[in-house]
Each structure stands twice: as structure tokens, then as C-alpha cells.
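Notes for the one structure printed next.
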Amino acid sequence: MQNRRLISGTGLILATCLFISINIIANAVLTNWRLDLTEDNLYTLSDGTVNILGSIDEPITLRFYFSQEQLLGYPQLLNYGLRVRDMLREYVANSRSRLHLEIIDPQPFSSEEDSAVAEGLQSIPIGNSGERAYFGLLGSNSTDDTDIIPFFAPDRESALEYELTKLVYKLANPEQRVVGVVGDFPLFRKSGERDSRDTAIVRTMREFFEVRDLGSNINYISRDIEVLMVVHPKRLDETSRYVIDQWVLKGGKLMVFVDPLSESDDVKPDPDSPMVIPQRDSNLEDLFEVWGLQVAADKIVGDINAAMRVQHRGARGMQEVQYLPWLQLGSDNLNEDSFITNQLRRINLATASHISLLKDSALEIEPLLQTSPQSTLLERDLIIFQRDPNVILENFSSSDSRQVLAAFVRGPIQTAFPKGKPRDSKIEGDDETVTSGELNAVIVADTDMLADRFWVREQDYFGMQMPQPIADNGDFVINALENLSGNNDLFSLRSRGVYSRPFEVVERIRRAAEAQYRQREQELEAQLKEAEERIQTLQQEQGASGLIMSPEQAEEIEKFRRQQLEVRKELRAVQHDLQKDIEELGSSLRFINVTLIPLLIAFIAVGVGIFRVYMRRRRSDQS
């Protein structure tokens with residue numbers, strides 16, 4: 001018995017020593033080894049990152065400023081900082097010795113802190129003593145180009161690899177490609193406006209490209225422009241259309257945003273004609289028609305499965321209802337085979353049209369964004385004059401077909417100007433008119449997707465205003481521009497994490513319940529309206545006659561009032577039943593997650609324990 005106890009004690013000591021040794025060795029040798037079990041492989045370097053790291057020709061230095069000691073009381077920032085540090089070490093390991101990493105812990109009032117301030121890193125206050133902590137990255141290449149991540153915000157953790165690879169890519173490829181922007185959409189802030197910053201989409205584009213504002217019209221396109229971006233061309237003159245036509249025929253790449261109703265257009269009503277509706281639509285019909293495609297000018301796409309839920313004040317107060325013209329497209333609506341969209345998860349659009357090829361067109365169309373089959377085409381005038389989402393919803397009738405909202409269009413085309421330059425045009429250069437060529441263009445039948453309110457929110461973080469994407473609209477634009485300009489490396493990195501995860505089962509039940517109860521609700525509302533109108537008519541007749549109401553009239557009014565109360569009661573019951581289904585699902589999910597699963601795990605553990613005791617006793621009885 002004493003020998004057995006001695007052996008057991010010695011084994012326990014040896015096991016403890018072995019455990020500690022393995023941890024020490026693993027911590028020293030295997031720090032870059034990981035097993036990534038996350039759904040979207042958020043912790044694994046993607047092929048795009050590996051390709052970019054392998055293509056670095058000149059050395060790049062990364063200085064990671066991380067106030068680890070000051071952040072000990074902030075576990076969220078501390079743990080995220082350790083993850084960033086480990087990720088940077090993986091970058092170095094995969095860079096063929098082209099990346100050099102310096103980890104700096106700037107102590108208060110030290111030269112390292114002075115360096116962090118001079119290089120533009122953002123600091124955050126720590127405690128009440130006035131100390132500041134730093135958590136950012138500075139990169140520099142051999143030609144003294146620099147790029148910076150001022151602060152790693154924890155709510156941007158899902159985009160960590162993208163941010164790091166973007167910084168490395170820009171330092172490895174310091175010469176930016178040029179994108180020219182023409183049109184009337186308010187992308188660029190004008191001097192004197194309250195917010196002097198350009199829109200978020202322009203700021204995002206400038207992280208990768210040199211962006212030039214060409215104005216509303218053009219008579220020349222510089223040869224160093226690689227992609228021409230036409231956004232909301234509602235005032236594009238004939239000369240500008242000719243220049244665009246020739247640009248495309250000579251091999252220029254094009255990205256076009258047109259819209260049947262641009263809700264983000266800041267056009268103001270004419271004070272001399274206040275009854276005239278300002279122009280909010282745009283198209284390139286004369287070019288599109290000759291090239292062989294069409295963007296419907298007076299139709300707006302609605303999709304019952306992708307309609308955004310909005311707050312609307314109705315007869316019964318504030319309600320959350322589906323607004324058909326505003327679309328929130330999920331993975332089922334995005335082309336998984338295209339580099340532009342295969343890594344995206346959500347795109348928001350508003351009052352968009354649809355794209356189609358004309359009969360006998362020689363073009364090929366690759367849909368990038370499209371609706372579900374439960375979609376419809378709404379009249380533009382209905383959306384302009386009818387702002388009640390319920391009325392628009394009542395007019396929904398599925399077309400049982402998908403509508404293309406954005407597409408890559410390519411193929412042979414003819415010029416829309418066979419007679420040459422327009423008269424009196426002041427076009428720079430004397431080149432002859434090219435009559436045929438190849439079209440390579442991304443066409444989007446919406447402009448509102450570029451507006452900040454549809455894809456980004458500004459969040460305050462330690463006094464810093466940091467944009468937080470709620471959709472992948474910006475990534476869609478960057479991917480398309482990079483594809484048109486010939487770069488695909490960053491596609492696999494963008495939007496690897498999902499910004500929000502909606503309860504898809506709840507949404508399906510909500511839609512099914514709304515469809516089930518909507519018809520009954522409409523019938524009840526019609527009865528209620530009829531009863532109210534009848535009561536009002538009887539009261540007006542009695543008031544007009546100036547006579548006292550007869551018992552029959554009083555009884556009839558009382559009858560309609562009782563009917564009114566009954567209808568209102570049943571209407572409330574319908575709304576209650578709709579909410580009840582959702583609440584029951586929520587209760588079931590909470591029971592499963594909070595109670596059932598832990599109980600099952602506990603029962604399994606108890607069962608395993610009982611089984612082990614039973615087997616141990618059985619072996620002892622046999623011996």
C-alpha cells in the first residue's frame with residue numbers, strides 16, 4: 001500500500017513537471033501554431049495575404065506601439081493587443097524576411113511616447129493620473145513612404161487581417177492607381193459645408209486609389225486614369241457622353257451608378273416653381289441602348305425577402321414594417337463565383353432599378369447583385385407620392401423572377417456617335433472617332449448605396465470618431481474598382497467577418513406570420529373604416545336636419561359603434577397573434593440554449609461518472 005501511494009505521488013509530480021515543461025516549450029517554439037475553429041476562419045491567414053507577403057520586393061518595417069503595462073486593467077484591449085502582436089509575427093514568418101517587426105511599449109514621458117505622438121498614433125486616457133496608452137501600428141518602406149493604423153479598435157477585430165494586409169500592400173505598392181469620378185451625386189464635400197470631410201465611400205477609395213473629382217461634365221479624360229466612375233449622371237451633356245463613349249471603345253474601364261430615384265441626391269426644389277418635383281433620376285439611355293443593355297428608368301425593384309424593416313408612425317402609433325423599395329441583400333443575393341462579391345455578406349440599396357440586355361445584344365452579363373424570385377417592379381410615381389410602407393406592401397405581387405441590380409457587362413459594342421464629335425464641342429485632342437470596341441464595365445442600378453447612412457455608422461471611441469460599417473457597400477465598390485484596374489489580391493481578405501448576424505429563423509417566421517395575418521388585417525381595417533364613415537354620415541345627417549335623433553337613428557349609430565369596438569378588438573388580437581409567434585420562438589430558443597443544453601451536458605457527465613464507478617466496481621469484484 002505504501003509503495004502504491006509512493007508511485008502515485010511520484011507520478012503526480014512527474015505529470016505536473018511534464019505539463020509545465022510542455023507549456024514552456026510550446027510557448028517558446030509553437031507560438032505561431034493555431035487551430036482555427038471559427039466559422040469564417042477569422043484567425044487564419046488567407047491566400048490573398050500570403051500572395052501579397054510573397055510578392056514584397058523591398059524591406060518594410062512595422063513598428064507596433066502597444067502599452068501592455070498600462071493596459072493591464074483593460075482586459076479587452078490587452079487581449080486584443082496580444083492577438084495583434086501574434087498576427088504580426090505570422091506576417092513576418094510568411095514574408096520571406098521582407099518584413100521587420102519592432103514591438104514598442106511606450107512608457108509615460110519616455111522617448112518612445114514622444115515618437116508615438118510625432119508619428120500620429122492616437123492615445124487613450126488611462127486612470128486619473130493623466131497617463132496615456134497607445135495601441136497602433138506604423139509601417140515604412142525603403143523609400144520613406146509611411147502608412148499608419150492610429151488605433152486598433154476592438155469592434156473592428158473581424159477586419160484585423162484586412163487592415164494589416166492593406167497597410168503592407170500600400171507600402172509594397174506605393175504608386176496609387178487613378179480613379180476619375182464624374183456625375184452629380186454628392187460624394188465630395190464642398191468648401192463652406194458644415195462637415196468638411198468627404199463621404200465615407202470616397203475616404204475608403206482614397207485608401208487604395210488616387211481619386212479625382214472631374215465634376216458634372218468632362219471634355220477630356222487623362223491617360224493616367226485607369227477607371228472612370230460615373231455616378232448619377234443626370235446633367236451629363238452630349239460632349240461628356242461622347243468622351244465616355246470613346247473612352248470605353250479605346251479600352252477604358254467603366255463603373256456606372258444610375259438611379260430611377262436617388263433619395264440621397266441633395267437637389268433643392270426650384271423656389272420659382274415649388275410645385276415642380278426636383279429631378280432625382282439619372283440614366284445613360286442613349287449610350288446603353290446602342291451598346292445593347294437597358295436600365296429601367298421608371299421602375300423600382302421591391303423584394304419581400306430582402307425588404308428592410310423601418311419604423312413608421314401609423315394609425316396605431318409607431319410600427320416596424322417592411323419597406324419594399326429599401327433592400328438588404330444577403331449572401332443568397334450575391335454572386336459567389338465573382339471575385340467582386342464572393343467574400344461579401346451584406347449590401348444595402350434603396351429605390352434601385354434593374355438591368356437587362358436588349359434583344360440581339362452581343363454583350364455578356366454577369367449578375368453581381370440580384371433579388372430573390374419573390375420580387376416585383378414598382379412604379380416610380382407610387383414611391384414618390386406614397387410614403388406609407390403599408391400601402392406599398394399591399395400592392396406587392398411577386399413576379400417569380402430574379403431582378404439584376406448590379407452586373408459586370410462585357411463584350412463587343414458600337415459607338416453611339418457614328419457621325420463623330422458633337423457640333424460645337426470643345427473636346428481636347430484631335431483623335432478620330434473610334435467606331436467599335438470592347439465594353440468592360442460594372443453597372444449598378446442604384447446610387448443610394450454610396451450614401452453614408454446606408455452602410456456606415458460613426459461611433460465614438462475614447463473621444464475618436466471611428467466609422468463602423470454595417471454593410472459591405474464600400475467593399476463592393478473597392479472590389480469592383482480593383483477588378484477593373486487589374487488587382488485581385490485583396491479580395492479574399494475583405495469582410496471575412498459578418499458585421500451582424502440576424503436571426504434568420506425569426507425573420508422567416510415573422511414574414512410568414514405577416515403574410516398570414518395581413519389579409520385579415522386589411523379586411524378588418526376596411527370594416528373599421530366603413531363603420532367610422534357610417535357613424536360620421538349619420539351624425540352629419542342629424543346635424544344638418546337640426547332635429548333630435550330618432551330612436552332608430554340612435555340605435556343604428558350605437559350598432560356601428562359596437563361594430564367599431566369589435567373590429568378594433570379583433571384587430572388588436574391579430575397583431576397580438578403575430579407577436580405571439582415570435583415571442584414563442586424566442587422563449588423556445590432561450591429554453592434550448594439556457595436550460596436544455598446545460599441539462600443534457602450535466603446528464604451526460606453524471607452518466608459517464610456513474611458508468612466509470614460501475615466499471616471500477618466490476619473490475620474490483622472480478623479481481
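Tell me which of 218, 107, 146 sits at the most positive position along the dipole axis of segment 87-237, charges placed on C-beta atoms (Lys, Arg +1; Asp, Glu -1). Sorting the options by dipole projection puts first 218. State the percentage of accessible surface on segment 360-409 attributable to carbon and sulfur atoms; use a 1.4 Å probe and exclude ligands, DNA and RNA. Answer for segment 360-409 is 43 percent, counting heavy atoms of protein chains only.
Rolling a 1.4 angstrom probe over the protein heavy atoms with all chains in place gives segment 202-345 an accessible area of 44 Å² per residue. Computed from the Cβ-Cβ distance with R0 of 25 Å, the FRET efficiency linking residue 92 to residue 114 stands at 0.45. With 0.36 nm allotted per residue and the present C-alpha distance subtracted, the residue 219-residue 428 stretch has 74.6 nm of extension available.
The residue list 258, 342, 319 was ranked by how far each Cα lies along the charge dipole of segment 206-347 toward its positive end, using unit charges on Cβ atoms, and 319 comes out on top. From most to least packed by mean Cβ count within 10 Å, the peptides 48-59, 433-444 give 433-444, 48-59. May I ask you to list the residues of segment 440-459 whose amide nitrogen lies under 14 Å from a point 7 Å from Cα along the Cα→beta-carbon direction of residue 189? Within reach of a label on residue 189: 452, 458.
For segment 215-232, the residues whose backbone nitrogen is under 18 Å from a point 7 Å from the Cα of residue 297, taken along Cα to Cβ, are 231-232.
Net length available on complete extension from residue 58 to residue 310 is 85.6 nm, with 0.36 nm assigned per residue and the Cα-Cα distance removed. Ranked by the mean number of other Cβ atoms within 10 Å per residue, highest first, peptides 326-336, 611-621 order as 326-336, 611-621. Sticking with the crude label model, points 7 Å out along Cα→Cβ, report the distance from residue 197 to residue 266 in nm, one decimal please. For residue 197 paired with residue 266, the spin-label model returns 1.5 nm. The amide H of residue 459, built 1.01 Å from its N in the peptide plane, has 466, 468 as neighbours under 5 Å, considering only residues 5 or more places off or on other chains. Ranked by the mean number of other Cβ atoms within 10 Å of their residues, highest first, the peptides 591-599, 237-245, 110-118 fall in the order 237-245, 110-118, 591-599. Within the accessible surface of segment 170-268, defined with a 1.4 Å probe on protein heavy atoms only, the carbon and sulfur portion equals 42 percent.
Here the spin labels are modelled as points 7 Å beyond Cα on the Cα-Cβ line, and at residue 290 and residue 577 they lie 6.0 nm apart. Averaged over its residues, segment 364-467 has an accessible area of 52 Å² per residue, based on protein heavy atoms and a 1.4 Å probe.
Legend: calculated FRET efficiency, residue 594 to residue 530, from the Cβ-Cβ distance at R0 = 60 Å, rounded to 0.05, equals 0.80. Pairs from the list 170/234; 559/580; 250/426 with a Cα-Cα gap above 23 Å: 170/234; 559/580.
The values are calculated or read from the model by the stated rules, or taken from the named source; none is laboratory data. What you are looking at is a predicted structure, and each value in this text was computed from that prediction instead of being measured. A quick note on method: Cβ atoms are made from the backbone with ideal geometry, for glycine too, and the neighbour counts reach across all protein chains shown. For the accessible areas, the whole protein counts, side chains as well, though only heavy atoms, and no ligand, DNA or RNA atoms are used. Shrake-Rupley method; radii C 1.70, N 1.55, O 1.52, S 1.80 Å.
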